[in-house]
1. With labels modelled as points extended 7 Å from the Cα through the Cβ direction, what inter-label distance (nm, one decimal) is found for GLU30 paired with ALA468?
2. Calculate how many DSSP beta bridges within segment 250-432 are antiparallel, expressed in % of all such bridges and rounded to the nearest 5.
3. Mind checking segment 278-374 for trypsin sites (Lys or Arg not before Pro) that DSSP puts in a loop (not H, G, I, E or B) and that have at most 13 other Cβ atoms within 10 Å?
4. Count the DSSP beta bridges whose two residues both fall in the chain, then state the antiparallel fraction as a percent rounded to the nearest 5.
5. Would you mind getting me the FRET efficiency between LEU261 and ARG416? Use the beta-carbon distance for r and R0 = 22 Å, nearest 0.05.
6. Just from its helices, what would the mean residue ellipticity at 222 nm be for the chain, if runs of 4 or more DSSP H residues each count -39500 (n - 2.57) and the sum is divided by every residue, rounded to the nearest 500 deg cm²/dmol?
7. On a 0 to 90° scale, report how tilted helix 96-118 is relative to the longest principal axis of the chain, with both axes built from alpha carbons and the result rounded to the nearest 10.
8. Rounded to the nearest Å, what's the spacing between the alpha carbon centres of segment 391-416 and segment 191-237? Just the number, please.
Amino acid sequence: MQHIDKIYINGGFVTPHGTEIFHTINPATEEAIGTVRLADEIDARRAIAAAKAAFPAWSQTSTAERVAALTRLHHAVAARESQLMAAIIAEYGAPIARSRWMARYPAEVIAQAIDTLASFAFEEPAGAARVSLCPVGVAGLITPWNSNAGFICNKLATALAAGCSAVIKPSELSAQQTQIVTEALHEAGLPPGVVNIVTGRGEVAGAEISRHPDIAKISFTGSTAVGKDIVAASAGNLKRVTLELGGKSPTLILDDADLDLAIPMALTAGFMNSGQACIAGTRILVPQHRLKVCEAAVVQALAHFRSGRPGDPETAIGPMVSRKQWQRVQNYIRLGVQEGATLLAGGEGRPAGLDKGWFVKPTVFTGVDNAMRIAREEIFGPVLTLMAYRDDADAVAIANDSDYGLSALILGHDRRRAQALARQIECGRVLINTLDHEPQAPFGGMKQSGLGREMGKWGMLAYLEPKAVLAG
Ligand code: NAD
């Protein structure tokens, strides 16, 4: 059991004013693993005041000073990789390969921000004017539970690189990961107040950050519904807002695709992060005349996507993060059947042999119409839909017939044809025959998948405002 009873304000670990105790549960065993004393609105206000006081000095630091501070943070986070991995498995239940990546990523993403900062031009001429890019002020950074440490480090490193001070409101479900990152941050010795961390409820500490007039910018990763609330709450002082929201990403399997490669890759994209990934490819589009053979190939490939205990090397899909999330996924599986879709694999209930833990059977529906709710709404679990299309134009139309536009995957032999289709798909990122990530490229969504971009120079620009100076 780990009891976390401090938050981080003005360079020190302090007891929150908030008194609510939140219990953290291991989702693979349903056992209690700790408690967190949650921050409230007053704590959020104290954190904002500390960040406001620290902003003027931090915003004037040189690139070299920020690189030095971020490098110390990078070393401190990298040194805690194994600690982070243990926390990720305990409080999130990610399978081994995934947790290994999730534990490495926070340090990697800080290194990427350092690279971006080192070559970033904060000033440039525009005709007779000099344009300087100025940090916007105090940034409020709000993160979800599905990769909490990684999201904290990405948002924080970028905000600091731009010269902003920050107040972080991490997910209350991931307090152990947050604690490890906070200890690293403390060790890195940043000036007091430059970074503050208040773990609390979204509708309490998060809402205070969203509406507070001393917060100039919000960077939020989470659900589309909460993203909309944040936009409304932040309008009071016209905060700059970056939103990384949900998705219902299409995977287009073209008629020239090698199914032995394409089907496992499509399932990997769909079941990524146990299905709890914003970019998960949950709508698999296959040519009508290959539907039957695709269905058979899916059933065969599913043998390699076992849902099970995180520590088991055979496990590809871990538990859902909480009982609430498990219940939500079960409801969607029931809904799919009610809507008239056919279960190709999986279904309601836990997988055989697992009577405890928030495990879901890897589930694939076929006979799905894109108008069904299981094809339109983000389920955030290992539940995929297989849909048939007539020709390439129909595939693009189905792919684009969505409120979301985060990511898409195209699998096919003819690269030129795949590139041409990529240009027609309305989303922030298109992958062709790969699941690789490119940290220098912008990441974010079109339509209701978000607003603005993170990563690389686009990520930095989101914390800066241009100021033009003309001298007579
Ligand atoms: P969520 O929206 O419920 O919560 C995200 C964060 O917002 C949490 O810290 C929560 O406490 C806080 N919050 C909740 N209500 C708030 C309010 N009224 N004001 C301010 N903050 C509030 O999301 P979740 O369930 O933690 O995460 C899953 C969601 O995140 C999915 O929809 C997923 O697609 C999305 N996501 C998107 C990306 C992306 O990059 N696009 C990445 C990961 C997750």
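Only the coordinates and a few stated rules stand behind these numbers; no lab work does. In this text, all values refer to a predicted model and were calculated from it rather than measured experimentally. As a convention, Cβ positions derive from the backbone with ideal geometry for all residues, glycine included, and neighbour counts pool all protein chains shown.
1. Output for this residue pair reads 6.3 nm.
2. On the way: 3 of 23 bridges.
Of the beta bridges lying entirely in segment 250-432, close to 15 percent run antiparallel.
3. Working: sites: ARG283, ARG290, LYS292, ARG306, ARG323, LYS324, ARG328, ARG334, LYS356, ARG373; in loops: LYS356.
Sites meeting the loop and neighbour criteria: LYS356.
4. Of those bridges, close to 40 percent are antiparallel.
5. Values: r = 19 Å, r/R0 = 0.85.
My answer for the efficiency is 0.75.
6. -12000 deg cm²/dmol
7. Helix 96-118 sits at roughly 40 degrees to that axis.
8. Answer, in whole Å: 34.
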